[in-house]
Amino acid sequence: MSVAEFSDAGRIDDLRSTRRAPVRSLVAGALGNVLEWYDFAAYGFLAAIFAKNFFPDSDAFVGLISAFGVFAASFLMRPVGGVVFGHIGDRYGRRRALLISAALMTGSTVAIGLLPTYATLGAAAPVLLLVMRLLQGLSIGGEYTTSAIYLAENAKAERRGLITSFAGCGASAGTLLGSAVGAVTAMMMSTDDLTAWGWRIPFLAGILLGGFTLYLRRASIGEDEAPPARAVTEGLPLALALRTDSANMLRALLMNLTLGVSFYLIFVYLTTYMQQVDNLTARLSLQINTISMVTVLILAPVFGGLSDRIGRKWMIASGLIGMVLLSWPLFRLLDSGTAEGALLGQIGFAVLIAMYAGPIPCALVEMFRSATRCSALSLSYNISVGLAGGTAPMVAVYLVSREHWDMGPAWYLIGLSVISLAATLTMTERRGAPLG
């Protein structure tokens with residue numbers, strides 16, 4: 001990268017990072033993650049019901065694996081979404097990428113709530129479910145990273161960690177909302193009604209959240225500055241990123257392995273684990289999950305703000321070291337067969353995930369320059385989360401249900417945490433430095 005190119009990118013980022021963005025703009029930037037993760041969480045929490053309605057001819061294990069397989073398949077589209085929306089964000093602006101991803105997610109979420117089941121449509125029903133999940137995977141491939149980039153670029157340098165942590169908070173809030181809606185829905189109707197038609201309610205309700213997100217983004221997020229003229233002539237942003245910043249892309253990919261696995265293992269799969277291993281009711285499992293998600297929602301900004309003072313690197317590393325040392329004892333609590341043990345174990349994981357997830361969005365944004373930031377970060381993040389995070393519930397179901405290894409998910413999480421920790425220790429600390 002030439003001195004002139006670096007100067008152009010730096011001036012754009014300096015303008016973004018020194019202006020004070022209105023609170024509504026920051027909320028609009030983070031709100032899309034609530035929508036995206038709301039649906040992903042709702043599907044994970046209701047996986048057993050999807051297995052009955054869309055894979056009824058399978059035994060319980062195969063049906064659940066099939067339902068989580070559809071969950072995993074949507075994650076395989078995330079790298080494609082990362083490429084598509086990364087290009088849109090770098091070439092046409094962060095605002096346009098954020099609007100398109102929210103619109104696509106809203107439409108596919110509502111469509112799932114309207115799908116006919118296997119009893120009505122036969123084998124075409126699970127195919128339609130898969131198509132809708134693939135569209136959701138495409139849209140979410142650009143949402144988290146673009147919103148984190150938007151928040152970081154519009155925050156003051158001394159508060160960048162705190163502000164950017166709200167991208168992760170949006171994801172946590174969406175998962176919390178999906179858990180809460182699932183818990184309330186299960187509480188207000190019988191199991192038969194929930195299986196027959198009540199499962200549709202969380203997805204149809206997505207139109208309210210999606211409509212509000214689109215309205216707020218159109219009204220609150222201003223147009224982006226035009227990219228430097230030379231950036232357009234350099235070719236595709238992703239191709240440029242692969243040529244000039246492949247080392248940071250690999251580092252970001254490895255750092256994110258534990259983020260995807262821990263989030264979907266602890267806050268999506270564990271509702272199934274608590275029912276299968278601890279014999280807790282679906283209602284109680286969702287209630288415990290909701291309490292744990294509140295813990296993450298409160299603590300993630302605390303740790304993100306703390307990273308503005310002590311640095312991203314050691315804050316992220318501390319969370320990962322905790323995962324390595326404490327995953328086994330925390331899963332022993334979850335394996336205790338009691339509601340108290342399950343609650344303590346999941347809250348323990350919630351604290352560690354918040355310590356890691358709070359500062360990492362900002363650390364990732366700071367790795368890349370403006371002209372290729374969306375493309376580089378979206379692809380590396382989504383390959384990691386798509387391959388590891390999306391398959392985590394399915395791997396856990398296999399280890400627990402087929403191999404009868406209740407502690408298998410703990411060792412899986414420990415192994416990936418070691419890899420992410422090694423990558424984190426090689427990163428350059430850029431707390432307080434100008435973006436670009």
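The condition of being assigned to a helix (DSSP H, G or I), in contact (Cβ under 8 Å) with a residue 60 or more places away in the chain and farther than 20 Å from Val395 by Cα holds for Val296.
State which residue pairs qualify: first residue over 12 Å from Ala357 (Cβ atoms) and inside the stretch 258-282, second residue in a helix (DSSP H, G or I) and among the charged types (D, E, K, R) in any location, beta carbons under 8 Å apart, and separation of 6 or more residues or different chains. Between residues of the stretch 258-282 that are over 12 Å from Ala357 (Cβ atoms) and residues that are in a helix (DSSP H, G or I) and among the charged types (D, E, K, R), there is no close pair. Checking each residue in the stretch 94-103 for being open to solvent by 20 Å² or more (accessible area, probe 1.4 Å) and either among the charged types (D, E, K, R) or within 20 Å of Gly44 (Cβ to Cβ) (or both) picks out Arg95, Arg96. Here Thr426 does not fit the description of being surrounded by 24 or more Cβ atoms within 10 Å (Cβ to Cβ) and more than 20 Å from Val268 (Cα to Cα). Here the stretch 256-298 is the region considered, the condition is being aliphatic (A, V, I, L, M) and touching a Gly at 6+ places or on another chain (Cβ under 7 Å), and the residue that is nearest to Ala422 (Cα to Cα) is Val261.
Whether any residue in the stretch 304-314 is under 18 Å from Val261 (Cα atoms) and buried (at least 24 other Cβ atoms within 10 Å of the Cβ) is what I want to check. No. For the stretch 393-414, a residue qualifies if it is under 22 Å from the mean Cα position of the chain (by Cα) and either surrounded by 18 or more Cβ atoms within 10 Å (Cβ to Cβ) or modelled with pLDDT under 80 (or both), and the qualifying residues are Pro393, Met394, Val395, Ala396, Val397, Pro409, Ala410, Tyr412, Leu413.
Restricted to the stretch 39-66, and to residues there that are open to solvent by 10 Å² or more (accessible area, probe 1.4 Å) and hydroxyl-bearing (Ser, Thr, Tyr), the residue that is farthest from Ala205 (Cα to Cα) is Ser58. Applying the condition of being buried (at least 24 other Cβ atoms within 10 Å of the Cβ) and out of contact with any Leu (no Cβ under 7 Å at 6 or more places or on another chain) to the stretch 274-288 and asking which residue is modelled with the lowest pLDDT yields Leu286.
Taking the listed residues Ser417, Ser375, the one that is open to solvent by less than 40 Å² (accessible area, probe 1.4 Å), in contact with a Gly (Cβ under 7 Å, 6 or more places away or on another chain) and either assigned to a loop (DSSP other than H, G, I, E, B) or not β-branched (Val, Ile, Thr) (or both) is Ser375, with no other qualifying. Just one residue in the set Gly141, Gly107, Gly69 is in a helix (DSSP H, G or I), open to solvent by less than 20 Å² (accessible area, probe 1.4 Å) and in contact (Cβ under 8 Å) with a residue 24 or more places away in the chain; that residue is Gly141.
Does any residue of the stretch 230-239 turn out to be part of a helix (DSSP H, G or I), open to solvent by 20 Å² or more (accessible area, probe 1.4 Å) and modelled with pLDDT of 85 or more? Yes, because at least one residue in the stretch 230-239 is part of a helix (DSSP H, G or I), open to solvent by 20 Å² or more (accessible area, probe 1.4 Å) and modelled with pLDDT of 85 or more.
The residue of the stretch 125-138 that is farthest from Ile360 (Cα to Cα), among those that are open to solvent by less than 10 Å² (accessible area, probe 1.4 Å) and not small (Gly, Ala, Ser), is Leu129. Of all residues in the stretch 321-348, which are aromatic (Phe, Trp, Tyr) and either surrounded by fewer than 18 Cβ atoms within 10 Å (Cβ to Cβ) or at pLDDT 95 or above (or both)? Answer for the stretch 321-348, where residues must be aromatic (Phe, Trp, Tyr) and either surrounded by fewer than 18 Cβ atoms within 10 Å (Cβ to Cβ) or at pLDDT 95 or above (or both): just Trp328.
The values are calculated or read from the model by the stated rules, or taken from the named source; none is laboratory data. Source: prediction; values computed, not measured. Cβ atoms come from the backbone with ideal geometry, glycine included; neighbour counts cover every protein chain shown. The area values use the complete protein model at the heavy-atom level, side chains included, leaving out ligands, DNA and RNA. Shrake-Rupley method; radii C 1.70, N 1.55, O 1.52, S 1.80 Å.
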